[in-house]
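What follows is calculated from the coordinates using simple rules that are stated; it is not laboratory data. None of the values given here were measured: they were computed from a predicted structure. Cβ atoms come from the backbone with ideal geometry, glycine included; neighbour counts cover every protein chain shown.
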Amino acid sequence: MRDTKTTRPPAPETTADREIRAANKRKILKAASEVFAAKGFDGARIAEIASVAELPKANVYYYYATKEDLYSATFAPLLEEWDSALRILKVETEPAVALRAYVEAKLRLGRKNPLEARLFANEVVRGGTFLSAADRAHIAQSTAASIEVLEAWMAAKKIRKIDARHFLFMLWASTQFYADYEPIVNAVLQVKKLTAVHYEQALECIVSTVLAGVLLD
């Protein structure tokens, strides 16, 4: 006799379901950033990440199949935000305005995501093992677009002739230093924690130095 039972389709995901999933992923990524930043990839354990996130270990594996997947996911949002900051540099915007806005955005992102910034820096120091070929290609492509903007400004005689690649490296180094090496910055400034005032001072110093060096008289 043929079985006439039918399998019920899964219930459609509700708005509440999506909100729960999003909240769980945020908790996991925040906890992962803390643990990976403190202990590195090899020293981190999924059980500890789950404990910090206050979720069952099984929940972590539900969203991220492996520790490698979770590790890569922790700095993916940061790369997206850095991309967004680079898009501030546009040919039609005056260099002084665009460069100030870019430096301000990078400093703000470092202050907002210090753990993720340090985690990414540590990953690069480790050799970028978990940066996929697609990640590397994307970074090169987005950087190339910014180089084109800088070279267009040079051609229009809006800024001095410089090596655009090394200019971007310099901007990245100066703006990331405050997040990546915060304990050193705190020690030199003799403060326990950087405030908005310190970041404003950094902004003015970096921007005035950069503009003095690249703007044509």
With a Förster distance of 30 angstrom and the Cβ-Cβ distance between Ala22 and Met170, calculated FRET efficiency to the nearest 0.05 equals 0.20
Starting from the Cα of Lys192, draw a straight line to each of the lysines and keep only those under 20 Å, dropping any in the same chain fewer than 8 residues away. Lys112
Take each of the peptides 83-89, 17-23, average the number of other beta-carbon atoms within 10 Å over its residues, and list them starting from the highest. 83-89, 17-23
Between Ala134 and Ala47, the FRET efficiency computed from the C-beta separation at R0 = 25 Å comes out, to the nearest 0.05, as 0.25
Charge dipole (debye, nearest 20) of the range 14-65; +1 at Cβ of Lys and Arg, -1 at Cβ of Asp and Glu: 100
Packing rank of 128-137, 106-115, where each peptide gets the mean count of other beta carbons within 10 Å, highest leading: 106-115, 128-137
So which GluC sites (Glu not before Pro) in the range 106-171 end up in coil per DSSP with only 13 or fewer other C-beta atoms within 10 Å? none
Neighbour-count order for Val185, Val197, fewest beta carbons within 10 angstrom listed first: Val197, Val185
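Expressed in whole Å with the largest first, what are the equivalent ellipsoid semi-axes of the range 14-65 derived from the C-alpha gyration tensor as the square root of 5 times each eigenvalue?
Rounded to whole Å, the semi-axes are 22, 10, 8.
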Using a Debye calculation, one point per C-alpha and no hydration shell, please list log10 I(q)/I(0) for the range 74-154 at q = 0.12, 0.13, 0.21 Å⁻¹ in order. -0.39, -0.45, -1.02
Suppose the chain between Ala187 and Thr66 were pulled fully straight at 0.36 nm per residue; how much longer would it get relative to their current alpha carbon spacing? 39.8 nm
Starting from the Cα of Lys90, step 7 Å along the direction of its Cβ; do the same at Ser208; then give the gap between the two resulting points in nm. 2.9
List the aspartates and glutamates whose alpha-carbon lies under 13 Å from that of Lys157, not counting same-chain residues fewer than 8 positions away? Glu94, Asp217
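For the chain, what does the helix formula give at 222 nm: sum of -39500 (n - 2.57) over DSSP H segments with n ≥ 4, over the residue count, nearest 500 deg cm²/dmol?
Numbers: 10 runs with 161 residues, N = 217.
Here the helix-only value at 222 nm equals -24500 deg cm²/dmol.
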Ser142 paired with Ala155, simple spin-label distance in nm, labels 7 Å along Cα-to-beta-carbon: 2.4
Which of the trypsin sites (Lys or Arg not before Pro) found in the range 148-200 are in a DSSP loop and have at most 16 neighbouring Cβ atoms, other than their own, within 10 Å? Lys157, Lys158, Arg160, Lys161, Lys192, Lys193
Assigned charges on the beta-carbon of Lys, Arg, Asp, Glu; the chain dipole about Cα centre (debye): 420
P(r) of the range 1-146 over all Cα-Cα pairs, 10 Å bins starting at 0, rounded to whole percent, reads 10, 31, 28, 18, 8, 3, 1, 0, 0
